[in-house]
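Each reported figure results from applying straightforward, stated rules to the coordinates on display, with no laboratory input. Computed from a predicted model, the values in this text were never measured in an experiment. When we count neighbours, we look across all protein chains shown, and the Cβ atoms used for this are built from the backbone with ideal geometry, even at glycine.
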Amino acid sequence: MKKTALNNMHRKMGGKMVEFVGFDMPVQFEGINIEHETVRTKLGVFDVSHMGEFWVEGPFAFSLVQKVTTNDVAALTNGKVQYSCFPNGDGGIVDDLLVYRFNDEKYLLVVNASNIEKDWNNVVMHNDVGAKLINASDDISQLAVQGPLALKAMQKLTSTSVEDMEYYTFKVIEFAGVKDVIFSTTGYTGSGGCEIYMKNADAEKIYKAVFEAGEEFGIKPIGLGARDTLRLESGFCLYGNDIDDTTSPLAAGLGWITKFTDGNDFIDRELFESQKENGVPMRLKGFVMEERAIPRQHYEVTDEDENVIGEVTSGTMSPMLKKGIGMAYITKPYWKDGSEIFIKVRNKLAKAIVQRPPFYKG
């Protein structure tokens, strides 16, 4: 199993360690619910060093990134970040990712830990323009400091202004005495905050400094368990659950990152344009349980007569709402907000209402 540079720190802090996509990672420290609430109300720190990072550089960098991602890279300016996905050539999704633009000849692609090899092979396969590619996944550590007090606490560690940074922007700064740190106002929780990229050798120093800076605000270490409940409460897709090689971004509600602008000739563009024009048979929709039940992946979704109309892709008990919430692919016309659906939980039907995420607006 691979270990991040902070593995020993997690063990010292009492992290409950599990195997996750080949990495030894903390699933929780104090408990999922308290960690979840800490991020929603204060700030918490995730080690997300298992994520993948690819540099795309040179005169043909823009052309390659524009080709392999569905969003319009031409809309990016220096210091901006874009959420996007890799189409697979067959109408599905290789992965979802973040695209960082440093300049027209330098981009950073941040991909999911579970898909690093697959994503790398995909980018290399389509690099017929001669862009320079560097897989830096094993060399970079990443922290996600998330929550409403995150930027206020992190401001203590840099002389560069970060509290007023716009959402989905980044700066290369000196942070906690370490130069050339990438500081990005992104995250996977819906509670604001930042993601911080550094060399492995600097990870422990920065991790300790982050906890010292956040101590007065009630900072806590956060595990993968709360990461999942936070992202689901905010309605963010998880690759392997809500999106995969068989799901179209338009069916997954990701039409907003699938841009049919002039010059944006990405893989599968014609197919996705056709789907936009003609519609898709199923769509990914959020729902909230009306009855006390916890929906889980692969549970059937039915109408009141038990006719199967879909399948749950993600589900949990919302720590903030104290209700079951989830996402499911559902057939028309049940995907309209307010539609009454039923989740089959241990052969019993539990009523739910279709609702557009985020489920919690804090």
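For residue 140, the amide hydrogen comes within under 5 Å of no other amide hydrogen, counting only partners 5 or more places away or on other chains and with H modelled in the peptide plane.
Annotation: extensible slack from residue 164 through residue 307 equals 46.4 nm (criterion: 0.36 nm per residue apart, minus Cα-Cα distance). Amide H to amide H distances under 5 Å link residue 293 with 324, where only residues 5 or more positions off or on other chains count and H is placed in the peptide plane. The Stokes-Einstein estimate for the range 3-142, based on a Kirkwood radius over Cα pairs and taken at 10 °C with 1.306 mPa s viscosity, is a diffusion coefficient of 96 µm²/s. Between residue 174 and residue 1, the C-beta separation translates, for a Förster distance of 35 Å, into a calculated FRET efficiency of about 0.55. Residues with amide H under 5 Å of residue 345's amide H, sequence separation 5 or more or different chain, H placed in the peptide plane at 1.01 Å from N; which? Sorted by chain and number, the residues that satisfy this are 350. Rounded to the nearest whole Hz, the Karplus-based 3J(HN,Hα) values (6.51 cos²θ - 1.76 cosθ + 1.60, θ = phi - 60°) of the range 12-19 follow the sequence 5, 8, x, x, 7, 8, 9, 7, with x at glycine and proline.
For the range 93-109, putting each phi into the Karplus relation 6.51 cos²θ - 1.76 cosθ + 1.60 with θ = phi - 60° gives couplings of 10, 5, 5, 9, 7, 10, 10, 9, 9, 8, 7, 5, 10, 8, 10, 10, 9 Hz, in residue order, rounded to whole numbers and with x for Gly and Pro. Among the chymotrypsin sites (Phe, Trp or Tyr not before Pro) found in the range 112-186, those both in a DSSP coil and sparsely packed, with 10 or fewer other Cβ atoms within 10 Å of their Cβ, are 167.
Just to be sure I understand: of the beta bridges DSSP finds with both ends in the chain, what percent are antiparallel, rounded to 5? Please report the intermediate quantities before stating the final value.
Values: 76 of 80 bridges.
So the antiparallel bridges in the chain amount to around 95 percent.
Can you give me the relative contact order of the chain as a percent, contacts being Cα pairs under 8 Å and 6 or more apart? Let's see the in-between values first.
Details: 837 pairs, mean separation 63.5, N = 362.
Here the relative contact order equals 18 percent.
Work through the residues other than residue 130 whose Cβ is under 13 Å from its Cβ and net out their charges, Lys, Arg +1 and Asp, Glu -1.
-1
Backbone phi angles across the range 344-353, fed through the Karplus curve with coefficients 6.51, -1.76 and 1.60 (θ = phi - 60°), yield HN-Hα couplings of 7, 10, 6, 6, 10, 8, 10, 6, 9, 10 Hz in residue order; Gly and Pro are listed as x.
In percent, what relative contact order does the range 33-97 have, based on Cα pairs under 8 Å that are 6 or more apart in sequence? Could the numbers behind the result be given before it?
Numbers: 42 pairs, mean separation 11.1, N = 65.
Dividing the mean separation by the residue count of the range 33-97 yields 17 percent.
My understanding is that a pair violates if its Cα-Cα distance is over 19 Å; which of 156/205; 285/361; 16/156; 12/220 do that in this structure?
Values: 156/205 15 Å; 285/361 17 Å; 16/156 30 Å; 12/220 14 Å.
The pairs that break the limit, which is 19 Å between Cα atoms, are 16/156.
Within the shell of other residues whose beta carbon sits under 12 angstrom from the beta carbon of residue 275, the net charge comes to -1, with Lys and Arg scored +1 and Asp and Glu -1. What is the calculated FRET efficiency for residue 75 to residue 348, with r their C-beta to C-beta distance and R₀ = 35 Å, to the nearest 0.05? It comes out at approximately 0.15.
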